[in-house]
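Structure record follows, encoded as structure tokens.
The values are calculated or read from the model by the stated rules, or taken from the named source; none is laboratory data. What you are looking at is a predicted structure, and each value in this text was computed from that prediction instead of being measured. With ideal geometry, Cβ positions are generated from the backbone for all residues, glycine too; neighbour counts draw on all protein chains shown. Accessible surface is based on the protein model in full, side chains and every heavy atom, while ligands, DNA and RNA are left aside. Shrake-Rupley method; radii C 1.70, N 1.55, O 1.52, S 1.80 Å.
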Amino acid sequence: MSDVIRVYQKPTCSKCQATLGILEECAVEFDSINYYETPLTVEELSGLINKLGISPRDLMRKGEQLYRDLRLGERELSDDELIKLMVENPDLMERPIVVHGDKAVLGRPPENVKKLL
């Protein structure tokens with residue numbers, strides 16, 4: 001298992017900021033990836049979802065205006081279609097996603113990151 005923790009985040013997200021703060025307080029080494037500047041590929045997002053142990057729909061931000069505009073709650077889409085939509089529209093993804101080796105957690109609440117330490 002890699003010793004470095006990876007945090008996939010959006011810098012303006014308060015949960016992301018709080019998660020990074022917890023990691024800094026615990027003095028652990030981590031890499032922060034702004035997935036708006038370094039977009040995830042379909043393969044990368046699929047791998048993260050796999051590590052999280054959730055479905056692609058479970059990773060979606062159902063309160064987002066775009067989620068409502070696309071009527072995603074009313075549509076039956078395959079996992080591959082949902083992943084592609086999140087890659088194309090990163091605002092649809094819950095965040096932050098914190099990875100350590102083959103395990104990952106969603107930083108909602110930010111204290112979830114402690115499960116990986």
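Screening the candidates Pro96, Pro90, Pro56 for the property of being surrounded by 15 or more Cβ atoms within 10 Å (Cβ to Cβ), farther than 15 Å from Thr41 by Cβ, within 12 Å of the chain's Cα centre (by Cα) and not hydrophobic (A, V, I, L, M, F, W, C) yields one hit, Pro96. Applying the set (1) within 10 Å of the chain's Cα centre (by Cα); (2) farther than 28 Å from Gly21 by Cβ; (3) of a type in the set (Gly, Ala, Ser) to Gly73 leaves exactly one unmet item: (1). Scanning region 1-45 for residues that are within 15 Å of Val113 (Cα to Cα) and assigned to a helix (DSSP H, G or I) yields Ser14, Lys15, Cys16, Gln17, Ala18, Thr19, Leu20, Gly21, Ile22, Leu23, Glu24, Glu25. The set of residues in region 85-117 being in contact with a Pro (Cβ under 9 Å, 6 or more places away or on another chain) and part of a loop (DSSP other than H, G, I, E, B) consists of Pro96, Gly107, Arg108. In region 66-80, what count of residues is obtained for those that are within 24 Å of Glu43 (Cβ to Cβ) and open to solvent by 90 Å² or more (accessible area, probe 1.4 Å)? Counting residues in region 66-80 that are within 24 Å of Glu43 (Cβ to Cβ) and open to solvent by 90 Å² or more (accessible area, probe 1.4 Å) gives 3.
Which one of these is loosely packed, with under 14 Cβ neighbours inside 10 Å and either at pLDDT 95 or above or touching a Phe, Trp or Tyr at 6+ places or on another chain (Cβ under 7 Å) (or both): Gly63, Gly107, Gly101? Give the steps one after another, and end with the answer.
On the way: Gly107 fails: loosely packed, with under 14 Cβ neighbours inside 10 Å; Gly101 fails: either at pLDDT 95 or above or touching a Phe, Trp or Tyr at 6+ places or on another chain (Cβ under 7 Å) (or both).
Only one candidate passes the filter, namely Gly63.
Search region 64-84 for residues that are of a type in the set (S, T, N, Q) and in a helix (DSSP H, G or I) and pair each with any residue that is at pLDDT 95 or above and open to solvent by less than 100 Å² (accessible area, probe 1.4 Å) when their beta-carbon atoms are under 9 Å apart and the residues are at least 6 apart or on different chains. Matching pairs, first to second residue: Gln65/Asp91.
Being touching a strand residue (DSSP E or B) at 6+ places or on another chain (Cβ under 6 Å) and either surrounded by 15 or more Cβ atoms within 10 Å (Cβ to Cβ) or modelled with pLDDT of 95 or more (or both) is true for just one of Ile49, Ile22, Ile83, Ile33. Which residue is that? So that I can check it myself, show each step before the final result.
On the way: Ile49 fails: touching a strand residue (DSSP E or B) at 6+ places or on another chain (Cβ under 6 Å); Ile22 fails: touching a strand residue (DSSP E or B) at 6+ places or on another chain (Cβ under 6 Å); Ile83 fails: touching a strand residue (DSSP E or B) at 6+ places or on another chain (Cβ under 6 Å).
After applying the criteria, what remains is Ile33.
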